[in-house]
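We did not get these values from a lab; they are worked out from the coordinates using the rules stated. Computed from a predicted structure; not experimentally measured. Cβ coordinates were reconstructed from backbone atoms using ideal geometry, including for glycine residues, and neighbour counts include every protein chain displayed.
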Amino acid sequence: MRRVFRLCSLLLAALLAAPALCARELPKPLADALRATSVPQSSVAIMVQELGAARPALSHNADVPMNPASVMKLATTFAALELLGPAYRWKTEAYVSGVLRDGVLEGDLLLKGYGDPKLDYESFWMLLRALRGKGLREIRGDLVLDRSFFAPLQGDSARFDGDALRPYNVLPDALLVHYKSLRFAFVPEPEREAVRIYAEPHPPGLEVANRLRLSAGSCLEGRAFRDMLQAEFAAGPPPHATFAGRYPIACGEKDLNVALLAPNEQVAGVLRELWPEMGGTWSGRVREGAVPPEARLMHTHESAPLAEMVRDINKFSNNVMARQLYLTLATASSEPPARPELAAEAVRHWLAVKGIPARELAIENGAGLSRTDRLSAASLAALLQAAWASAVMPEFVASLPLAAVDGTMKKRLIGEPVAGQAHVKTGLLSDVRAMAGYVLDRKGRRRVVVMLMNHPNAPDAEAATDALLRWAYEAR
């Protein structure tokens with residue numbers, strides 16, 4: 001009887017001791033920061049664990065499924081690096097149909113896209129430049145766009161927040177040119193008491209009405225900046241933009257990116273702008289269609305390698321690029337066309353192979369721009385542990401923003417001991433603030449740090465995430 005009682009006592013002590021190592025009270029600076037913004041601890045999930053350690057140094061609601069916002073990009077980019085490989089490149093193919101003689105094409109120019117996340121203005125210029133170099137000068141037929149690598153999406157680009165003009169709301173497109181956006185650049189010219197505006201790309205026919213007034217005062221950010229400019233846009237035809245508000249000199253040179261044109265008009269507009277600059281001519285239509293068997297491949301443009309792409313995605317939390325990459329994952333194990341449900345299946349299977357059950361995972365588009373995404377702090381911590389042990393660890397970790405140095409962490413923790421010691425991906429939605437990454441503590445140990453907050457006041461609780469990073473660095 002004594003032996004049974006002693007065994008039961010030891011088991012009870014072990015059960016009580018194990019949670020004590022994990023479910024400890026939150027560090028006081030962190031608890032105070034949460035209290036200051038009225039974010040209850042029940043709305044927060046945390047995991048801090050040294051790499052390779054059996055138990056976390058701090059765990060709070062770690063198994064609770066929560067919306068991770070843009071931190072979901074960690075799953076997308078790590079999966080891509082392993083499934084596609086860091087040297088993976090996207091293709092964009094240019095075909096010609098009809099007769100090409102002495103630089104004149106009596107037929108159509110066909111472009112087939114494979115989901116390049118960064119077929120930007122410069123890359124598209126390089127593609128066209130190669131066509132000129134290979135002898136094409138005059139196109140007497142149509143521009144035909146083949147987007148069949150991605151299945152057509154029936155979504156509404158304004159569904160997320162009602163603002164279809166915001167570039168982050170652009171839907172995936174197998175032939176996405178310059179993120180389907182125009183960049184309006186503003187240059188104050190005090191000597192003229194005016195503001196110069198130019199657009200890039202600047203499709204022929206784009207009308208820009210500039211009635212801006214230089215003013216004093218501070219500069220605004222985000223949607224408030226657009227409102228300050230009294231910016232109004234219409235896709236046309238012809239497309240036009242009007243700016244009639246004020247522009248504080250304190251803004252300096254600033255940009256505003258707008259998803260103004262329809263996908264076909266975006267591609268055709270950039271072609272109509274750049275092709276004549278190269279000495280080419282084209283006056284045909286733009287339309288969608290498949291590349292016919294008789295068409296001849298004239299040039300293949302290749303993107304930068306995936307290892308470079310994930311840096312742009314994670315450092316600057318590029319939603320459009322992340323969504324392109326996510327759909328590309330569907331083709332790692334399935335034949336095109338790529339569909340979101342196939343990409344989700346690919347991610348779940350990959351996680352299972354890695355030994356990360358993540359049964360709570362709900363993933364909509366791979367970018368975290370979602371109200372329905374769910375993942376736990378424990379699963380994110382397990383993913384980060386696995387990433388550190390992966391062959392693609394250098395590429396993955398180098399893609400994360402470095403505290404006080406670059407990306408979305410550039411302006412945070414400046415001058416503090418943890419500055420430069422934390423590679424951290426951040427996330428922000430209207431009711432979410434999140435972060436996940438690695439901290440090299442003051443004793444030289446590397447720790448996985450995850451914090452998810454789901455609450456209406458969460459966006460104001462940046463100080464709480466900073467407090468956790470400081471605590472992890474101090475290695476208490």
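For Ala234 and Ala391, what is the calculated FRET efficiency with R₀ set at 41 Å and r taken between the beta-carbons, to the nearest 0.05?
FRET efficiency, Ala234 to Ala391: 0.25.
Based on DSSP H runs of at least 4 residues, each adding -39500 (n - 2.57), what is the mean residue ellipticity at 222 nm of the chain after dividing by all its residues, to the nearest 500 deg cm²/dmol?
When only DSSP H runs of four or more count, the value is -9000 deg cm²/dmol.
Kindly put Arg211, Arg89 in sequence by how many other C-beta atoms sit within 10 Å of each C-beta, fewest to most.
Ranking Arg211, Arg89 by Cβ neighbours within 10 Å, fewest first, gives Arg211, Arg89.
Could you tally the net charge around Val291, taking each other residue with its Cβ under 9 Å from the Cβ of Val291, Lys/Arg +1 and Asp/Glu -1?
Taking every other residue near Val291 into account, the sum is -1.
Between beta-carbons, use under 15 Å as the cut-off and find the net charge around Pro204, counting Lys and Arg +1, Asp and Glu -1.
-3
Just want the answer: with Cβ charges of +1 for Lys and Arg and -1 for Asp and Glu, which residue in Ala391, Pro340, Ser70 is farthest toward the dipole's positive end in the chain?
Of the candidates, Ala391 comes out farthest on the positive side.
Ile414 versus Ala362, label points 7 Å from Cα toward the beta carbon: distance in nm?
Label-label distance for Ile414 and Ala362, simple model: 3.9 nm.
Hey, got the dipole for the chain? About the Cα centre, +1 on K and R Cβ, -1 on D and E Cβ, debye to the nearest 20?
Dipole magnitude for the chain comes out near 1760 debye.
Can you tell me how much longer the chain between Ala304 and Asp102 gets when fully stretched, taken as 0.36 nm per residue apart minus their C-alpha distance, in nm with one decimal?
Difference between extended and current length: 69.5 nm.
According to a simple spin-label model (label point 7 Å from Cα along Cα-to-Cβ), what is the distance in nm between Asn264 and Lys91?
So the two model labels end up 2.6 nm from each other.
One quarter of the convex hull surface, Cα atoms only: what value does that give for region 18-112 in nm²?
Hull-based average projected area comes out at 12.4 nm².
Counting pairs of Cα atoms in region 182-258, how many percent are more than 21 Å apart?
Here the tail beyond 21 Å accounts for 21 percent of pairs.
What is the set of long-range amide H partners of Leu176 at a cut-off below 5 Å, with H atoms built 1.01 Å from backbone N?
Close amide H contacts, sequence-distant or interchain: Gly115, Asp116.
Consider a paramagnetic label point 7 Å from the Cα of Glu288 along Cα→Cβ; state which residues of region 90-123 have an amide N under 15 Å from it.
111-115
Suppose R0 equals 45 Å; then what is the FRET efficiency for Arg196 and Ala398 from their Cβ-Cβ distance, rounded to the nearest 0.05?
For R0 = 45 Å, the calculated efficiency reads 0.75.
Taking percent of Cα pairs over 39 Å apart straight from the coordinates, which label in [x] 15; [y] 28; [z] 32 is the correct one?
Working out percent of Cα pairs over 39 Å apart from the coordinates points to [z].
Run the paramagnetic zone check for Val353: 7 angstrom along Cα to Cβ, then residues of region 65-89 with backbone nitrogen under 19 Å.
Residues 74-89 fall inside that zone.
Helix 306-315 against the longest principal axis of the chain: what's the angle in degrees, Cα atoms only, rounded to the nearest 10?
The angle comes out near 70 degrees.
Go through region 272-373 and name the chymotrypsin sites (Phe, Trp or Tyr not before Pro) that are in a DSSP coil and have 16 or fewer other Cβ atoms within 10 Å of their Cβ.
Filter output for region 272-373: Phe316.
To test your reading of the geometry: what angle, between 0 and 90 degrees and rounded to tens, separates the Cα axis of helix 121-133 from the longest principal axis of the chain?
40
In degrees between 0 and 90, to the nearest 10, how far off the longest principal axis of the chain does helix 377-388 point, with axes built from Cα atoms?
70
Calculate, in nm to one decimal, what Phe316 and Asn457 gain on full extension: separation in residues at 0.36 nm each, minus their alpha carbon distance.
So the extension gain works out to 48.4 nm.
Pull up the cross-link candidates among the aspartates and glutamates for Lys354, meaning alpha carbon to alpha carbon under 16 Å and not fewer than 8 places away within one chain.
Here the aspartates and glutamates satisfying the reach criterion relative to Lys354 are Glu82, Glu345.
Pop a pseudo-label 7 angstrom from the Cα along the beta-carbon direction at both Arg246 and Leu51 and give the gap in nm to one decimal.
5.1
Under the Karplus relation 6.51 cos²θ - 1.76 cosθ + 1.60, θ = phi - 60°, what is the ordered set of whole-Hz ³J(HN,Hα) values for region 141-151, x standing for Gly and Pro?
Working through the residues one at a time gives x, 9, 9, 10, 10, 9, 10, 5, 5, 9, 5 Hz.
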